[in-house]
Amino acid sequence: MTPLTASLPLCEGPTYALRNVKGGTVLHIHMNPTRVIGFPPHFGQNQLWKFIKTDNRGWYIQSCQTSNEGRTLYLSVANELPKNGTGVVASLFPTSWDVNVIDGALSITLSHTILALNLDGGNPKEYTKVELWSIRDGIQAKQLWYSARCDSDFRYAHDPTESDVKTLSQRQDPKSGAYVLEHAEGSMVLELDSASRKRVISSTKHARPTLGQQWRFIRDTSIDGEVVQACWKSLDDEPLYLTVRGLAQNGARVVASPYPVSWRIERHPSKDGKSNTVRIFWPETNLVVSAPLVGPDAVCDVPGLPQYTALTNTQATLSECDGSPACEWTVIVASESKSFV
């Protein structure tokens with residue numbers, strides 16, 4: 001387990017929905033009384049949460065829902081000695097939680113205990129109790145929660161419905177379609193691995209790019225961010241979006257997931273002036289999507305910068321942006337590459 005740090009996608013300020021790994025429902029406040037349950041996502045205020053750092057390295061988890069009197073509510077526990085089965089509630093008084101990352105999901109435990117936030121039985125039915133349960137014998141899927149950022153461009157960070165997909169399509173830049181992202185240091189392109197539909201790799205560019213080599217940019221003009229959608233769907237026929245696995249840190253693996261992330265996209269004219277290059281930054285960091293490199297085989301005409309070439313069939317990762325072409329991808333309209341679907 002890796003302790004939650006500021007380098008995580010999870011941070012103070014934004015709002016999140018917390019979706020149970022096993023049951024698929026989200027953390028939901030059922031008012032009157034203010035107990036916390038698992039419920040299908042609708043992303044109302046009673047399903048959205050903010051994380052606030054405490055002085056003791058824990059976190060307060062604040063609801064976006066207020067009490068009937070308009071007062072702030074926090075994730076807490078029933079007024080009893082915490083033990084297996086203790087109910088989780090929304091309270092006027094904040095409780096400190098420890099948050100850890102396990103396989104890209106969050107384990108949320110009552111601070112200084114081994115009692116984790118648990119969806120009873122991992123039951124996917126609505127109104128399922130959320131409770132404390134020990135992780136002494138190991139963490140289970142029903143005790144893990146995906147964090148999906150839900151403010152502005154992150155509103156659709158959940159299992160996309162037909163309506164969501166239609167809305168995402170409507171938000172897409174009308175001038176844009178499918179693009180091939182070719183590494184600026186060579187002929188490698190960003191590709192979604194066909195076998196897993198999860199790994200994102202650098203691969204040899206095909207004369208007729210497959211859907212795995214095609215991507216769409218979905219812009220939300222209300223914030224400086226864009227979702228990068230794969231043209232291939234998952235093996236379960238779900239839309240897939242570019243994100244990372246685990247901690248957003250140098251070396252983190254870039255993957256595809258049904259849960260969108262809003263990337264910061266920087267665009268620059270290419271050397272020949274006929275296209276654009278992009279740098280794809282993880283939000284609020286200097287980390288960019290990059291391909292593994294080896295040098296000094298390629299030619300780089302930027303004085304003082306190393307000369308590298310991209311490797312093929314290797315995992316795409318996040319890396320610190322040093323301003324070189326190694327951090328850039330040339331955007332090519334897929335139809336101009338004789339693509340097929």
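Rule-based calculations on the coordinates, nothing more; no lab input. Given the structure is predicted, the values throughout are model-derived calculations rather than measurements. So basically every Cβ, Gly included, is an ideal-geometry build from the backbone, and we count neighbours across all protein chains shown.
The gain in end-to-end length when the D103 to R267 segment is fully stretched comes to 55.8 nm, 0.36 nm per residue minus the alpha carbon separation. What the Kirkwood sum gives for segment 7-131 is a hydrodynamic radius of 14.5 Å, with every pair of different alpha carbons counted. Note on S275 and E80: their simple-model spin labels are 6.3 nm apart, each label 7 Å out from Cα toward Cβ.
Any of K233/K271; K50/K142; K125/K233; K198/K271; K22/K53; K50/K233 with alpha carbons more than 25 Å apart? Name them for me.
Check vs 25 Å cut-off fails for K233/K271; K125/K233; K198/K271; K22/K53; K50/K233.
One decimal place: the segment N56-A195 gains 45.6 nm when fully extended, by the rule 0.36 nm per residue minus the C-alpha distance.
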